[in-house]
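Participant: Just passing along the structure, written as structure tokens.
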Amino acid sequence: MWIQPIAGIEESMAPTPKLEGLPTKSFQGMLKRGIQYVDQLQSRADHLMQAYASGETQNIHEVMIAVTEANIALQLTMSIRNQALQAYQEIMRMQV
């Protein structure tokens, strides 16, 4: 009796989006790159959810990992935004 081996993690997971060609030396470039990366993660998660809902894929684990990855990235982005806004408000309250 032959048992088929389990596919490796690398084979079953879709590639994580990569950003190339964007400047990272400036603060603005770094922010833009980070936001675009979060957007790509969200798009990938949406695509995988649609593929699962339509029956194109049966790998619920890959879908859930992508959704969780996108959710964590969005939470981190919102936390950074809130901290930057709080710092700006603190600077505006300073008396000169």
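Throughout, read-outs are computed from the coordinates displayed, never taken from laboratory work. These figures come from a predicted structure and were not determined experimentally. Neighbour counts run over all protein chains shown; Cβ positions are idealised from the backbone, glycine included.
Participant: What's the whole-number percent of alpha carbon pairs in the stretch 25-93 lying beyond 21 angstrom?
Facilitator: Details: 987 of 2346 pairs.
Result: 42 percent of Cα pairs exceed 21 Å.
Participant: Oh, and also: Amide H neighbours of residue 57 under 5 Å, at least 5 residues apart or on other chains, H built in the peptide plane: list them.
Facilitator: 52
Participant: Would you mind counting up the charge near residue 71? Only other residues with Cβ under 14 Å from its Cβ, with Lys and Arg at +1 and Asp and Glu at -1.
Facilitator: Residues close to residue 71 contribute a combined charge of -2.
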